[in-house]
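Engineer: I have a structure here, written as structure tokens, and I will follow up with some questions on it.
The values are calculated or read from the model by the stated rules, or taken from the named source; none is laboratory data. Small disclaimer: the values here were computed from a predicted structure and weren't measured. Using ideal geometry, Cβ is built from the backbone for each residue, glycine included, and neighbour counts are taken over all protein chains shown.
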Amino acid sequence: GFCKQHLWPLFHYMLPFSESHGGRFDRSLWEAYVAANKIFSQKVIEVINPDDDYVWIHDYHLMVLPTFLRRRFNRLRMGFFLHSPFPSSEIYRTLPVREEILKALLNSDLIGFHTFDYARHFLSCCSRMLGLEYQSKRGYIGLEYYGRTVGVKIMPVGIHMGQIQSVLRLADKEWRVEELKQQFEGKTVLLGVDDMDIFKGVNLKILAMEQMLKQHPKWQGRAVLVQIANPARGRGRDLDEIQAEIQASCKRINENFGQPGYEPIVFIDRPISLSERAAYYTIAECVVVTAVRDGMNLIPYEYIVCRQGISGSDSSSESNEPKKSMLVVSE
């Protein structure tokens, strides 16, 4: 539909290269997208109390929903949060319905983004395409739109500490840690945890591992990349192609550098529990994130918490020395 064929690639800076690759803009998909948002608004209107309730809308699937709700309830308090990147104005202006989406979002009272860059791109688009200028004072950013002040806020999502702490105390997790330590005894484990989609850079990570083994032979037989791929949430030709590329890369690298009892790439393409994922975090020397574009990736934060452990647990009392962690950010 419109989301996966137009919005999702565009918001991740992927433009259609030709009619056969990416395709032309399909107005019927846009009309279906608007119709779906309208149906959603009708369901919200059935249950909402406009005087007391707040409406919090999430992500690009419902970007025109604020328009339908604002038409019905002029004084409704409404927020929108975008979980994906928001592209620069040079990219966004290639969308034929660019103004319609901006105006729809501005029917919200508050618009949230993960990072300042995404908010900045949104404000730039409003300025260049709608002629709206924003005001910034003491950390508050506001846009005047038809007599209302629309707030723009940077609100990066965080990890669920309570859930992770409860998982770290589970006996299953400790049992799995010991099992993994035996499996990778004497090896340096590098870990990747990614959704299976075209923007996570999974194959780039695997190819980088191949180059490291070629250029630094001392790591052959010692370094292992464990790549956990969360199952894809959709289907498509692009996804099939990247899965085939990943499988081919893993097979080639394991054939060229593998030894009896040693595979440089361990590829896990099945659903795993948070407890098992925490076990992999615990035994890995580092986690590698190579996403080409991403909204907010929480894997590094989960990794750091799992590596440091929690106070009062058996696993964290093994040594009085505090565990050190480092978050490396690189373009």
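Engineer: Filter the stretch 55-88 for residues that are in a loop (DSSP other than H, G, I, E, B) and within 18 Å of PHE122 (Cα to Cα) and give the result.
Structural biologist: Within the stretch 55-88, ASP59, MET63, VAL64, LEU82, HIS83, SER84, PRO85, PHE86, PRO87, SER88 qualify.
Engineer: Hey, another quick one. Pairs please, first residue from the stretch 283-310 and in contact (Cβ under 8 Å) with a residue 60 or more places away in the chain, second anywhere and in a strand (DSSP E or B) and surrounded by fewer than 16 Cβ atoms within 10 Å (Cβ to Cβ), Cβ atoms under 8 Å, 6+ apart in sequence or on different chains.
Structural biologist: GLU285/THR188
Engineer: So how many residues does the stretch 124-162 have that are touching an Asp or Glu at 6+ places or on another chain (Cβ under 9 Å) and hydrophobic (A, V, I, L, M, F, W, C)?
Structural biologist: 7
Engineer: Also: What number goes with the only condition from (1) within 30 Å of ASP172 (Cβ to Cβ); (2) at pLDDT 90 or above; (3) not acidic (Asp, Glu) that GLN259 does not pass?
Structural biologist: (1)
Engineer: Here's a follow-up. Would you say VAL292 is within 30 Å of THR115 (Cα to Cα) and modelled with pLDDT of 95 or more?
Structural biologist: It is false that VAL292 is within 30 Å of THR115 (Cα to Cα) and modelled with pLDDT of 95 or more.
Engineer: Out of the stretch 215-249, which residues are free of Cβ contacts under 8 Å to residues at least 12 places away in the same chain and within 19 Å of the chain's Cα centre (by Cα)?
Structural biologist: Answer for the stretch 215-249, where residues must be free of Cβ contacts under 8 Å to residues at least 12 places away in the same chain and within 19 Å of the chain's Cα centre (by Cα): just ARG235.
Engineer: While we're on this one: List, please: which pairs have Cβ atoms under 9 Å, are six or more places apart or on different chains, and start with a residue in the stretch 38-52 that is within 12 Å of PHE73 (Cβ to Cβ) and end with one that is part of a helix (DSSP H, G or I) and of a type in the set (Phe, Trp, Tyr)?
Structural biologist: SER41/PHE68; VAL44/PHE68; ILE45/PHE68
Engineer: Could you check how many residues of the stretch 79-129 are among the hydrophobic types (A, V, I, L, M, F, W, C) and more than 20 Å from ILE57 (Cβ to Cβ)?
Structural biologist: So the answer is 3.
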